[in-house]
Amino acid sequence: MQSAVDDKILAPLCGSPVFIHCLRAFSATGLFGRAVITYRDEAQLARVKSLLASENIGLRIDFIQGGDSRQDSVLAALSACESHDGLVHIHDAARPLITEAAIRKVRAKASETGAAILAGRAADTVKIAKADSASVAASPDRALVWTAETPQVFRTADILRAYRKVNESGRKVTDDSSALETVGIEVALVENPDANLKLTRPADFALAEAVLRSRAQ
């Protein structure tokens, strides 16, 4: 974020903190009773709770301290859900454009298969770089390339087992379905036709605001 904001999930976006947009979308489905939010430190937790105080989200919200990496934080949150025997939905708080329709779509597929993720078909040609340089090693067939999004939805017991295996092996993963692949469970791809960008650069805030304003019209 190049210091444009001090905490992107708490930054204002169309009048509300980024993470609140996510919670509203999940709550609007009427399918959830509980959300687990991981936090970095006590200072961030205090700010999150303060911002939630003026919201009527309609969900029980539990707070779990995260870890040094995304996968550490996800494992901490999953461990708090160990007694849950249904589907767990893992979502990046930095994706405030998630829609109720997209949540329902990926959940429906996971209900059938046990594991599904939102994803987008690659619009650009993808290049695989050589390990020791920035030169091209391969150009995979674009028709087979998808970009992973969230939420990613799994049977709770399966994804918890997968993350514990990943953690014990010392392997690093950057999304949740990658963890599930390590225990041999197939993950369905669910195409998301809606914008669902992850706030990464300062310019992304302007794009996200434009999308939210267009949806409100």
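Below is a table of values for the structure above.
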quantity: Matching residues, the stretch 2-36, being within 18 Å of LEU97 (Cα to Cα) and of a type in the set (A, V, I, L, M); calculated: ILE9, LEU10, ALA11, LEU13, VAL18, ILE20, LEU23, ALA25, ALA28, ALA35
quantity: Given (1) within 26 Å of ASP85 (Cβ to Cβ); (2) not in a helix (DSSP H, G or I), number of the condition PRO140 does not satisfy; calculated: (1)
quantity: Which listed residue, of GLU112, GLU55, GLU149, is part of a loop (DSSP other than H, G, I, E, B) and either modelled with pLDDT of 95 or more or out of contact with any strand residue (DSSP E or B) (no Cβ under 6 Å at 6 or more places or on another chain) (or both); calculated: GLU55
quantity: Filter result (in a helix (DSSP H, G or I), surrounded by 14 or more Cβ atoms within 10 Å (Cβ to Cβ) and among the polar types (S, T, N, Q)) within the stretch 58-86; calculated: GLN71, SER73
quantity: Matching residues in the stretch 32-48 - criterion: being assigned to a helix (DSSP H, G or I), charged (D, E, K, R) and either surrounded by 14 or more Cβ atoms within 10 Å (Cβ to Cβ) or under 18 Å from the mean Cα position of the chain (by Cα) (or both); calculated: ARG47
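Conditions tested, residue by residue: (1) in contact with a Phe, Trp or Tyr (Cβ under 8 Å, 6 or more places away or on another chain); (2) small (Gly, Ala, Ser); (3) surrounded by fewer than 18 Cβ atoms within 10 Å (Cβ to Cβ).
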residue: ILE9; (1), (2), (3): yes, no, no
residue: PHE19; (1), (2), (3): no, no, no
residue: GLY30; (1), (2), (3): no, yes, yes
residue: ALA53; (1), (2), (3): no, yes, yes
residue: VAL88; (1), (2), (3): yes, no, no
residue: GLU112; (1), (2), (3): no, no, yes
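The values are calculated or read from the model by the stated rules, or taken from the named source; none is laboratory data. Quantities reported herein were computed from a predicted structural model and do not represent experimental measurements. Ideal geometry is used to build each Cβ from the backbone, glycine not excepted, and the neighbour counts take in all protein chains shown.
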